[in-house]
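**Q** A single structure is presented below for examination.
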Amino acid sequence: MTKALLILSIFVFLLSACSNPKEIAFESSGLETFRPIYHFTPTKGWMNDPNGLIYMDGEYHLFFQYYPDSTVWGPMHWGHAVSNDLVNWKELPIAIYPDSLGYIFSGSAVVDSENSSGLGTAENPPMVAIYTYHDMAGEKSGAKDYQKQAIAYSLDKGRTWIKYDKNPVLPNQGIKDFRDPKVSQITLPDGTKLWVMTLAVLDRIQFFGSPNLKEWRLLSEFGQGIGAHGGVWECPDLLPFTTPDGKQKWVLLVSLNPGGPQNGSATQYFIGDFQNGTFTPDDTMIRWLDYGPDNYAGVTWANLPKEQNRTLFIGWMSNWLYAQVVPTKSWRSAMTTPRELSLFDVDGTLLVKSAPAKELLALRQEEISVSKKESKLPSEAMEILAKVESDENFQLRFSNEMGEEILISKEMGLVTIDRRQAGRADFHPDFAAAHSAPMSWKPKDLRIFLDASSIEVFVNDGELVMTSLIFPTSPWKKLEVLNGLDEVKIYPLKKP
Ligand code: FRU
């Protein structure tokens, strides 16, 4: 190369680098490959369960299991993000740090509006986080009591947290899996209020009661020998619902790892009554909240204004089977879309429906018209709607320029997402799989949310839902309706 040519090429290189230095860095390092466009992810580091979901003064808070220094699980903190509309999330500084009592494991938050804890004032009631301390040294030494429940409080809307100086508030009874407190308040028949803690204890749930969030007494336990027990029970939630015919029922969500219907982690639920501190299920049927492989440890928001009249849920969009080896680089894990839970009835059996939260409509851009059989896809982030024709079976395929594809179908009573050829799967032997869910009732419509590394399929607006990670190496370019669907609509979704 002549000297002049060398100088010219250095000059051109510098010019292009200066015009957009960040993009060049990301492209060459792949640090942002697979980053979702509208699902919540931490800017960097490792994330698992949603924690402390709470609404206060116009803000939805999302705390989460977080390890900022690596993209695999490690010393757990509570990360923090807030949103006014469930789609624009702003990540805030870490809320709660591990300390000499242990890592900060999963838990919940409440607004103690009557200041029953005395940790705030009547004028400025505290936000109280109830979480599990996990003492690593204790675990390694072979002790059994290394998980305990503790509280911290915030007087500035979750921005800064003070740990209660008499922690733990609920010591361990010698059972090693003793974690993930979800607290809510119920009103007793005599009008007094009681805080109820729903806690995962090995292979069952224990309910504790407290007048002040500081002193807890055991009320009852539930679940030994009932439901799915292929792994340890984790991250429970107890929710009141009204049935379609106006009765009051309680739903108990229980995450299970492993032992889910698709291998690895999943969330089951029970429907029944909760009276005098005791949960009694209506039946012993095993029910799964989401039949896909990648929705775990999900719980619901506390303190929603009454006018919202809904139960709002979010899950961790991964599976412990491979969560720590998925091919993202600067961060690991996203949350699912937020969902509204309700009860519906199939021939006398109650089930929980998970409908996409209505706020997701705000992401839609102008609908693009589609031909009946085949359409070009506009972007990585899309919502697809379709009506199921009368014979109830259907099949559609997304594909890209790399010959990768994802197939969604209903055949012989099973709804299936087949991700066997959907892109990267080399990181874990169980990732490439077709996952099926039984659906004995009539499918009427489909709603599909696609993002850079996920697909969420809602049949009948969430009467059956399947959430699945996918790692295509180039964007989906073509949608083919192979059979059974009509009125297909595609909405590109914008970056919030
Ligand atoms: C569920 C879980 C919880 C625990 C947390 C630790 O995914 O195992 O039981 O509190 O993750 O990060």
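The values are calculated or read from the model by the stated rules, or taken from the named source; none is laboratory data. Just so we're clear, the structure is a prediction, and the values are computed from it rather than from any experiment. Note that we place each Cβ from the backbone using ideal geometry, even for glycine, and neighbour counts take in every protein chain shown. All accessible areas refer to the heavy atoms of the entire protein, side chains included, with ligands and DNA or RNA removed. Shrake-Rupley method; radii C 1.70, N 1.55, O 1.52, S 1.80 Å.
**Q** Take the alpha-carbon positions of region 132-244, form their convex hull, and give its projected area averaged over all directions (one quarter of the hull surface) in nm².
**A** For the Cα atoms of region 132-244, the hull's average projected area reads 10.1 nm².
**Q** ASP49: net charge of surrounding residues, Cβ under 10 Å, Lys/Arg +1, Asp/Glu -1, itself excluded?
**A** With Lys, Arg at +1 and Asp, Glu at -1, the net is -2.
**Q** Along Cα→Cβ, 7 Å out, is where each label goes; now give me the distance between the ones at GLU221 and LEU361 in nm to one decimal.
**A** For GLU221 paired with LEU361, the spin-label model returns 4.7 nm.
**Q** Note down the net charge around ASN88, summing +1 for each Lys or Arg and -1 for each Asp or Glu among other residues with Cβ under 13 Å from its Cβ.
**A** -1
**Q** Ranked by accessible surface with a 1.4 Å probe, highest first, in what order do LYS182, LYS163 come?
**A** LYS163, LYS182
**Q** Could you give the dipole magnitude of region 364-492 about its Cα centre, charging the beta-carbon of Lys and Arg +1 and that of Asp and Glu -1, in debye to the nearest 20?
**A** In debye, rounded to 20, region 364-492 gives about 120.
**Q** Separate question: With no solvent and one equal point scatterer placed on each C-alpha of the chain, evaluate the Debye formula and give log10 I(q)/I(0) for q = 0.12 Å⁻¹, two decimals.
**A** -1.09
**Q** Could you please report the charge total around LYS148, scoring K, R as +1 and D, E as -1 over all other residues with beta-carbon less than 11 angstrom from its beta-carbon?
**A** After counting each charged neighbour, the total is -1.
**Q** Taking the Cα-to-Cβ direction at MET136 and at LYS247 and moving 7 Å from each Cα, how far apart do the two end points lie in nm?
**A** Each label point is offset 7 Å from its Cα along the Cβ direction, giving 4.9 nm.
**Q** Compute the label zone of LEU155 within region 86-126: residues whose backbone N is under 17 Å from the point 7 Å along Cα-to-Cβ.
**A** What the label zone holds, given the 17 Å backbone N cut-off, is 111-126.
**Q** Restricting to Cα pairs below 8 Å that are 6+ residues apart, what does the relative contact order work out to for the chain? Please round to a whole percent.
**A** Across the chain, relative contact order equals 13 percent.
**Q** Could I ask something else about it? Once you have a ≥ b ≥ c as the square roots of the Cα gyration tensor eigenvalues for region 249-330, tell me rounded if a/c is under 1.5, and otherwise prolate or oblate according to whether a/b is larger than b/c.
**A** Taking the square roots of the gyration eigenvalues as a ≥ b ≥ c, region 249-330 is oblate.
**Q** Return the FRET efficiency for the residue pair ASP391, THR284: r is the Cβ-Cβ distance, R0 is 56 Å, and the value is rounded to the nearest 0.05.
**A** 0.95
**Q** Round to a whole angstrom and tell me the spacing of the C-alpha centers of region 457-472 and region 74-129.
**A** The distance from the Cα centre of region 457-472 to that of region 74-129 comes to 30 Å.
**Q** Reported to two decimal places, what Rg/Rh ratio describes region 364-492 when computed on Cα atoms with Rh from the Kirkwood expression?
**A** With Rg and the Kirkwood Rh in hand, the quotient comes to 0.94.
**Q** May I ask for log10 I(q)/I(0) of region 212-290 at q = 0.18, 0.20, 0.21, 0.26 Å⁻¹, from a Debye sum over the Cα atoms as equal point scatterers with solvent left out?
**A** Log10 of I(q)/I(0), two decimals: -0.79, -0.93, -0.99, -1.27.
**Q** On a C-alpha basis, how far is the centre of region 289-309 from the centre of region 388-404 in Å? Whole number, if you could?
**A** 29
**Q** Using a basic spin-label model with each label point 7 Å from the Cα along Cα→Cβ, how many nm lie between ASP426 and SER369?
**A** Reported label-point gap for ASP426 and SER369 is 4.3 nm.
**Q** Run the helix sum for the chain: -39,500 (n - 2.57) per DSSP H stretch of 4+ residues, divided by residue count, reported at 222 nm to the nearest 500 deg cm²/dmol.
**A** Only helices count here, giving -2000 deg cm²/dmol.
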